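The values are calculated or read from the model by the stated rules, or taken from the named source; none is laboratory data. If you're wondering where the values come from, they're calculated on a predicted model, not measured in any experiment. Methodologically, a virtual Cβ is constructed for each residue, glycine included, from the backbone with ideal geometry; neighbour enumeration extends over all protein chains shown.
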Amino acid sequence: MTANPAKLSVVGTNVPRVDSVDKVLGRTKYVADLQLEFAGLLHAAILRSPHAHARIVALDTSRAERLPGVRAVITGKDCPKHLATITQRILAQDEVIWAGEGVAVVAAETPEIAADAIELIEVQYEELPSVLDAETAALEKPPSIVDRNLGRHPGLAPFTPLAPNVTGSYQLHNGNLEQGFTEADVIVENRFSTGRFSHSQLEPAACIARYEPGGNLTVWTNGQGVHIIKGMLSELFALPGSKIRVITPYQGGSFGNRIRFFHIEALAALLALRTKATVAVTYSRREMYLGSPSGLPVITRIRTGVKRDGTIVAQELDILVDNGASYACLQDGRAAGSGAICVYRQPNISMVTRGVNTNAPWAGAYRGLGSPQVTWAMESQMDILAERLGMSAVDIRLKNILSKGEQNAYGETIESIGAARCVEAVAEAIKIATPSVQEPGPWRRAKGLAVGGKQNTPRGRSEGMVLVHDDGSVEVRFGSDEVGMGAETIMAQIAAEEFGISMKDVRVVRGDSAMTPYDTYSASSFTTYNTGNAIRLACHDAIKAIKRAGAPLLQSSEDDLEVANGRVEIRGVPGSGLRIAELFKPFSPFQDERVTELRKGTPVIGRSVFAPCPAVAWDKKTGRTPRMWNWYQYNACGVEIAVNVETGQVKVVKAALAADMGFPIHPKLCEGQLEGGLAMAIGTSVLEEFLYRDGVMINPSFADYRIPTVSDAPTRSNVTTLFTPDPLPDGPWGAKGVAEGAVLAVGAAIGNAVYNATGARIYDLPLSAERVLAALTAHAESVAS
Amino acid sequence: MNVNSKSPRVSLTLNVNGITRECHVAPTVTLLELLRGELGLTGAKRGCDDGNCGACTVLLDGKAVRCCIMLAPQARDRHVVTIEGLGTPERLHPLQQAFVDYFAAQCGYCTPSMILTAKALLDEQPDAQEEDIRHALHGTICRCTGYVKIVQAIEAARDAMA
């Protein structure tokens, strides 16, 4: 259903965030803030591998166990032998497969004793060859096999890997590629890559697990998805789900870092079960780099054939996604590859994606799940093509962007696409056709733009629950997350709109598996769509119940009633009905045999299930399907940059982002996602990269892995955010999502601008000063010769 | 975070949010550990332990300091203000009100430190301009907002306090 803004009073408006007063007062509790509440709390420390790949020859924990104050020491042999569906092995077994993998964990009476104890653990390693380079890892005979059981994990469907480290592959073939290249006037082939980068959310991973009499386990964590984590712990420790309660207080960011890979929850639970006590596991910033997931490095090779008028007639893609040291992970690169499919019309296409293991930290979900990395390649390629054809960056894109109702290369019919308007909006905002004004000195200025799309992953179900209390107030319960994006506010807005009440009459309960109905986690920008639709349907269910209760009392039919302003009334006759609170008078309505709804007791509960998409399936030979993903959000970025030709430093001076989020349920929260995404993507495009020596990361700190400060972001008046929404038919009021779109096109816009400023095309992210300077030097030499 | 019970204790007196507190702590305890662990003031956050993220920022005699890299005894006889000392739900400090009004808090983890950093700036320089604000915020990291709404909120608070 799409929105008619004139009829909306809460949805589509900038109501205050429901969580902001506590946040500005410093009263919001995060997991680490709860530690004081637990008397006798034990603290954990983790011994991590110093080698990228090594055999554990001997492991002696006896000295650590004897240290006074140590309550438990656990190694791989103490861990469950089976794997839970969504968690890798939680400690190393016979081999360590990345520098940072956990080898042993200690629980002790103080953090200091725990830290001392892990130094007393003696491990003898025999170093093995390691591989960090994805292309080398993907060879038929790689120097290192990361997961020796790949394809043979108990409980997972067996398969024969294409190569020892290749975890999966997806292929898409449509049209006639050879014919397409024959028809092309210009063919361009390039290889692009992106580095390994970190979510670096400000709150480090933290978890507290409490063993309770009777074998119950309560877990407080900043991991995402209380019901998902509960399911994982139940599976891993063979505990009935009813004995496990998972609570996530407010979360200090995630960006994908705290979905899946729930090592910290598994370790805390294991220690609590072992010690029959309460145990806190808290990662240091260093451990966030060494022991928690990174983003996915992606190598994209593209060969594109275009007609003189810019029409793409042939596209050949080879996409290699670096999983890091994944274990029992079947990543096939399909999600990353979607970034190459969802924007442009590509009648003749062949795309092969692969996932590959390397001896680096496990890489996984990071804002965009690989799409931004592939967009970097696609959109650099588009500018290269435009220049060859003498076209503008805008024209070549508009020539090829898919229209609503058309089929993309998967065979999906596009229901909602605002990509062309995104491009036009940013081109106008940064005046792409007007050259930058140059100033004397080493800084060269220029502009660039790019556009991208991000699939929404069809995932599980979201349930909504809405309670109408006897004072007429409404309580919304949902099982997904509040990682900072404002999900609680969005859900409260939806309920306030549906009940025709103000925000102050809506309360939100979230983040507790014992209090909320099932949901997954906040990922793939789908919380507004998945959970929002569920809450909306639950509101409808509760409103129906109230009408059913009110109809006999008002001597009217349910269909003639409406619920608004805390009242149930005859439609169009204000003052005709009664306050919802009056339905809950102690006796009369409950005694009235006709008021069946109230005879179920109070509060009145509305419930719903929103399961957006059945399991997807595709033709195994062509990869085609009428439904691969749910929907796509689109985003374009235009920047003006300055590059210092003496140092290679790149600064983003001005930026415009245009987003197609379907419909902005809260415009200021959408703006916040765009502004935040811009800064984050400036980080991954210009500053951020894991650096290695001998297979070991050498910059695991905020001092050495530099994320953007305010000085790296453009000034307030130089950031423009624009909305170019195309409503989604089944989104709440047309809404899709916005969070991941914000980071899609920033990198390529910057890369294109750097080229426009200097004539040097750089194919690898990040555009660090060192890399830019090397490219400028090489370019100057090639021009000279 | 627990205080190491094996170390000899030192005594110190300091004023926290207007109240004089007497504490006995291990000499290696940081001011952040003292505030969070002993005094239960959890508004100051731990983000990095090496002074690079600024999430632990508090005011020490009116100056913004990173208390994760400061030992508690260094605060002896000095005035500490944490976010808990700033406003109340009924009467937010103008900076807190502006952070609400301008949507400058997303996950909220850096919010106390951003507000205190801005307070130190505006107390010293009530007419601070955007450039001054950006300079003051340089050492305080936010991963969510891109800083745009934080700068806007501080400018609005400056105007409201003028």
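Scan region B:80-105 for residues that are more than 10 Å from chain A (Cβ to nearest Cβ) and under 20 Å from residue B:137 (Cα atoms) and jot them down.
Scanning region B:80-105 gives B:80, B:81, B:94.
What single numbered condition from (1) in contact with a Lys or Arg (Cβ under 6 Å, 6 or more places away or on another chain); (2) more than 30 Å from residue A:756 (Cβ to Cβ); (3) surrounded by fewer than 24 Cβ atoms within 10 Å (Cβ to Cβ) fails to hold for residue A:436?
If we test residue A:436 against (1) in contact with a Lys or Arg (Cβ under 6 Å, 6 or more places away or on another chain); (2) more than 30 Å from residue A:756 (Cβ to Cβ); (3) surrounded by fewer than 24 Cβ atoms within 10 Å (Cβ to Cβ), just (2) comes out false.
For region B:51-61, enumerate the residues that are within 19 Å of residue B:75 (Cβ to Cβ) and at the interface with chain A (Cβ under 7 Å from one of its Cβ atoms).
Quick first cut of region B:51-61, residues within 19 Å of residue B:75 (Cβ to Cβ) only: B:51, B:54-61.
The answer is B:55, and nothing else.
Tell me which residues, restricted to region A:115-160, are assigned to a loop (DSSP other than H, G, I, E, B) and in contact with a strand residue (DSSP E or B) (Cβ under 7 Å, 6 or more places away or on another chain).
A:121, A:128, A:132, A:138, A:146, A:147, A:150
Can you name every residue in region B:106-124 that is farther than 19 Å from residue B:51 by Cα and facing another protein chain (nearest Cβ under 10 Å)?
Within region B:106-124, B:106, B:107 qualify.
Residues A:676, A:638, A:662: which one is surrounded by 24 or more Cβ atoms within 10 Å (Cβ to Cβ) and within 13 Å of chain B (Cβ to nearest Cβ)?
Unique residue meeting the criteria: A:676.
If you check residue A:56 against the conditions, is it out of contact with any Leu (no Cβ under 9 Å at 6 or more places or on another chain), touching a residue at least 24 places away in the same chain (Cβ under 8 Å) and in the same structural domain as residue A:286 (by TED's automatic domain parsing)?
Yes: the conditions hold for residue A:56.
Scan region A:260-277 for residues that are modelled with pLDDT of 95 or more and either part of a loop (DSSP other than H, G, I, E, B) or surrounded by fewer than 23 Cβ atoms within 10 Å (Cβ to Cβ) (or both) and jot them down.
Of everything in region A:260-277, those that are modelled with pLDDT of 95 or more and either part of a loop (DSSP other than H, G, I, E, B) or surrounded by fewer than 23 Cβ atoms within 10 Å (Cβ to Cβ) (or both) turn out to be A:273, A:274, A:275, A:276, A:277.
Could you list all residues from region A:350-398 that are out of contact with any helix residue (DSSP H, G or I) (no Cβ under 7 Å at 6 or more places or on another chain) and closer than 21 Å to residue A:200 by Cα?
Residues satisfying the conditions are A:359, A:360, A:362, A:363, A:364, A:365, A:366.
Using beta carbons and a limit of 9 Å, which pairs, at least six apart or on different chains, have the first residue in region A:291-317 and more than 13 Å from residue A:348 (Cα to Cα) and the second one among the hydroxyl-bearing types (Ser, Thr, Tyr) and assigned to a strand (DSSP E or B)?
Within 9 Å, the pairs are A:297/A:193; A:298/A:193; A:299/A:193; A:300/A:193.
Being buried (at least 23 other Cβ atoms within 10 Å of the Cβ) and either out of contact with any His (no Cβ under 7 Å at 6 or more places or on another chain) or without any contact (Cβ under 8 Å) to a residue 40 or more places away in the chain (or both): is that true of residue A:615 here?
No: the conditions fail for residue A:615.
If we keep just the residues of region B:65-74 that are buried (at least 18 other Cβ atoms within 10 Å of the Cβ) and not aliphatic (A, V, I, L, M), which is farthest from the other protein chains (Cβ to nearest Cβ)?
Checking each candidate, the answer is B:73.
Across region A:351-371, which residue is surrounded by the fewest Cβ atoms within 10 Å (Cβ to Cβ) among those that are over 22 Å from residue A:262 (Cβ atoms) and not charged (D, E, K, R)?
Of everything passing the filter in region A:351-371, A:352 is surrounded by the fewest Cβ atoms within 10 Å (Cβ to Cβ).
Being facing chain A (nearest Cβ under 9 Å) and either at positive phi or outside any loop (DSSP other than H, G, I, E, B) (or both): is that true of residue B:40 here?
Here the answer is yes, as residue B:40 does meet what is asked.
Restricting attention to region B:125-150, and to residues there that are at the interface with chain A (Cβ under 7 Å from one of its Cβ atoms) and of a type in the set (D, E, K, R), which single residue is nearest to residue B:108 (Cα to Cα)?
B:143
Between residues in region A:403-431 that are closer than 20 Å to residue A:745 by Cβ and residues that are assigned to a loop (DSSP other than H, G, I, E, B) and of a type in the set (D, E, K, R), which pairs lie under 6 Å by C-beta distance while being six or more apart or on different chains?
A:414/A:404; A:414/A:406; A:416/A:726; A:417/A:404; A:417/A:726; A:418/A:726
Give the number of residues within region A:92-111 that are in contact (Cβ under 8 Å) with a residue 60 or more places away in the chain, more than 14 Å from chain B (Cβ to nearest Cβ) and either outside any strand (DSSP E or B) or of a type in the set (Phe, Trp, Tyr) (or both).
Total satisfying the criteria: 5.
What number goes with the only condition from (1) within 14 Å of chain B (Cβ to nearest Cβ); (2) farther than 22 Å from residue A:531 by Cβ; (3) under 20 Å from the mean Cα position of the chain (by Cα) that residue A:651 does not pass?
(3) is the only condition that residue A:651 fails.
Can you list the strands (runs of 3 or more DSSP E) lying wholly within region A:424-511 that have 1 or more residues being closer than 19 Å to residue A:666 by Cβ?
Values: elements: A:443-455, A:462-468, A:474-478, A:506-510.
Filter on region A:424-511 gives A:462-468, A:474-478, A:506-510.
Test residue B:77 against the criterion of being more than 8 Å from every other protein chain (Cβ to nearest Cβ), in a helix (DSSP H, G or I) and either within 17 Å of the chain's Cα centre (by Cα) or of a type outside the set (S, T, N, Q) (or both), and give yes or no.
Details: more than 8 Å from every other protein chain (Cβ to nearest Cβ): yes; in a helix (DSSP H, G or I): no; either within 17 Å of the chain's Cα centre (by Cα) or of a type outside the set (S, T, N, Q) (or both): yes.
No: the conditions fail for residue B:77.
Here are the criteria: (1) under 22 Å from residue A:31 (Cβ atoms); (2) surrounded by fewer than 15 Cβ atoms within 10 Å (Cβ to Cβ). Tell me which single one residue B:9 does not satisfy.
Exception for residue B:9: condition (1).
So which residues in region A:245-259 are buried (at least 24 other Cβ atoms within 10 Å of the Cβ) and more than 14 Å from every other protein chain (Cβ to nearest Cβ), if there are any at all?
Selection gives A:246, A:259.
Given the residues A:322, A:318, A:309, which is the only one that is assigned to a loop (DSSP other than H, G, I, E, B) and either surrounded by fewer than 20 Cβ atoms within 10 Å (Cβ to Cβ) or within 28 Å of the chain's Cα centre (by Cα) (or both)?
A:309
Tell me the residue from A:156, A:217 that is in contact (Cβ under 8 Å) with a residue 40 or more places away in the chain, under 26 Å from the mean Cα position of the chain (by Cα) and away from chain B (no Cβ under 14 Å), please.
Of A:156, A:217, the one residue that is in contact (Cβ under 8 Å) with a residue 40 or more places away in the chain, under 26 Å from the mean Cα position of the chain (by Cα) and away from chain B (no Cβ under 14 Å) is A:156.
Please go through region A:555-590 and give me each residue that is charged (D, E, K, R) and modelled with pLDDT under 90, ordered by number. Break it down into steps so the answer makes sense when it comes.
We begin by selecting, within region A:555-590, every residue charged (D, E, K, R); these are A:558-560, A:562, A:567, A:569, A:571, A:579, A:582, A:585.
If the condition is that a residue be charged (D, E, K, R) and modelled with pLDDT under 90, then A:582, A:585 are the ones that fit.
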